[in-house]
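> Sharing a structure here in structure tokens format.
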Amino acid sequence: MATRVLEGIARLGGAAILWGQDVPARRSRRGHFPKVDFYGRETMPSGLLGHQHPRCELAFVLSGRLNVCIQARTYEARQDDWMLFLPGVAHGECCLSTKRPYELLWLTVSRGSHLTSHLTAYSETHGYEVLSRRDFGPAPTELLAAWGRLTSGPWAALDSTRCELLRVVTFCLDRLSDHIDPPVEALHPLIGQIKAILLRDLTSPPSVPLVADEVALSPNYLSSLFHRETGLTIRQFVDIERVEASKQLLADARRSIKQVAHALGYADQHHFSRVFRRLTGLPPSRYRARAPGARETDTPS
């Protein structure tokens, strides 16, 4: 990987830097994008799904091709292209074709001035995957200065841009053992933090983008990491926790099913009942009737 990234910097050309400027040779002419929904919920003018966040991200196409939307411009990104996603700028990605794979290397400076990288891939067989992630710790002052010049946009002259890229990337690669990042399993403590954020208020749990911003990850990486570590989507985790909390509320027969549903943030009693039955095998009223010491009849809703 190190060799591929450094060779990509050496071959860097003006059209290979995508940050929302007009690059006619790279503009995608597609009017419809594959429905690969892993990169956000915000529909951009192109129709591609995306998101935005307060951090700046830099991505390098290690292999393959993909569609990438930055602001209102959609490009066909190719191997050795660099993509700059500025803070607050809507962006997204999806495969060029569901049969064509690609790999991306991401670099960002998160909260606390930590430089991080992660490697992502898409393939027809495995779908979207986060292959690895690395936190390099607090970045030194000179590196933060280079990052600031690199991501201030618009891009500086090509020679100086190549120089700044080389400084940042070399810093990362020099600290990678065997040219691969440590496995995602090293992030177990982060899963605990994500769960704690989701459990703060089960009546109104935060959205994935809000959680992702709090832990300094992109929404797609957060979702992939959580699913890989827990075997659950974030929605499934929240539903399980809500149902467990509802069991205690159902023990109080003075509460109607509707009141229990509303107490846990469900606007619709029927939705709550469907979720409860799917996870427990029983509707809430029957669960209450079978609970030790519970009444045989339910309070009217």
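The values are calculated or read from the model by the stated rules, or taken from the named source; none is laboratory data. As the structure is a prediction and not an experimental result, all values here were calculated from the model. Every residue, glycine as well, gets a Cβ built from its backbone with ideal geometry; the counts of neighbours run over all protein chains shown.
Conditions tested, residue by residue: (1) within 30 Å of Arg277 (Cβ to Cβ); (2) outside the structural domain of Leu279 (by TED's automatic domain parsing); (3) part of a helix (DSSP H, G or I); (4) modelled with pLDDT of 85 or more.
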residue	(1), (2), (3), (4)
His188	no, yes, yes, no
Ile194	yes, yes, yes, yes
Ala216	no, yes, no, no
Tyr221	no, yes, yes, no
Arg228	yes, yes, yes, no
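> Quick check: anything in the stretch 77-87 out of contact with any strand residue (DSSP E or B) (no Cβ under 6 Å at 6 or more places or on another chain), modelled with pLDDT under 80 and either on the phi > 0 side of the Ramachandran plot or assigned by TED's automatic domain parsing to the domain that holds Leu107 (or both)?
No, the conditions are met nowhere in the stretch 77-87.
> Among all residue pairs at least 6 apart or on different chains, which show Cβ distances below 8 Å where the first residue, located in the stretch 1-26, is within 14 Å of Glu76 (Cβ to Cβ) and at pLDDT below 70 and the second is β-branched (Val, Ile, Thr) and surrounded by 15 or more Cβ atoms within 10 Å (Cβ to Cβ)?
From residues that are within 14 Å of Glu76 (Cβ to Cβ) and at pLDDT below 70, the pairs are Ala15/Val23.
> Could you please tell me which pairs satisfy a Cβ distance under 6 Å, a separation of 6+ or placement on different chains, a first residue in the stretch 109-131 that is over 17 Å from Ala146 (Cα atoms), and a second residue that is basic (Lys, Arg) and surrounded by fewer than 17 Cβ atoms within 10 Å (Cβ to Cβ)?
Pairs found: Glu124/Lys99.
> Out of the residues in the stretch 208-235 meeting the condition of being buried (at least 19 other Cβ atoms within 10 Å of the Cβ) and β-branched (Val, Ile, Thr), tell me which one is farthest from Thr108 (Cα to Cα).
Ile234
One line per residue, one yes/no per condition, for (1) in contact with a Pro (Cβ under 9 Å, 6 or more places away or on another chain); (2) over 22 Å from Glu7 (Cβ atoms); (3) surrounded by 19 or more Cβ atoms within 10 Å (Cβ to Cβ):
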site	(1), (2), (3)
Thr43	no, yes, no
Gly50	no, yes, yes
Val61	no, no, yes
Ile70	no, yes, yes
Glu76	no, no, no
Met83	no, no, yes
Cys95	yes, yes, yes
Glu129	no, yes, no
Ala139	no, yes, yes
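> Still on this structure, please answer the following. Could you pull out the residue among Val238, Val260, Val275 that is surrounded by 14 or more Cβ atoms within 10 Å (Cβ to Cβ), at pLDDT 85 or above, closer than 22 Å to Ile191 by Cα and of a type in the set (A, V, I, L, M, F, W, C)?
Val238
One line per residue, one yes/no per condition, for (1) part of a loop (DSSP other than H, G, I, E, B); (2) in contact (Cβ under 8 Å) with a residue 40 or more places away in the chain:
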| position | (1), (2) |
| --- | --- |
| Cys69 | no, no |
| Asp80 | yes, yes |
| Val89 | yes, yes |
| Glu93 | no, yes |
| Leu104 | no, yes |
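> Anything in the stretch 50-69 that is at pLDDT below 85 and closer than 16 Å to His32 by Cα? List them, or say none.
Matches in the stretch 50-69: Gly50 only.
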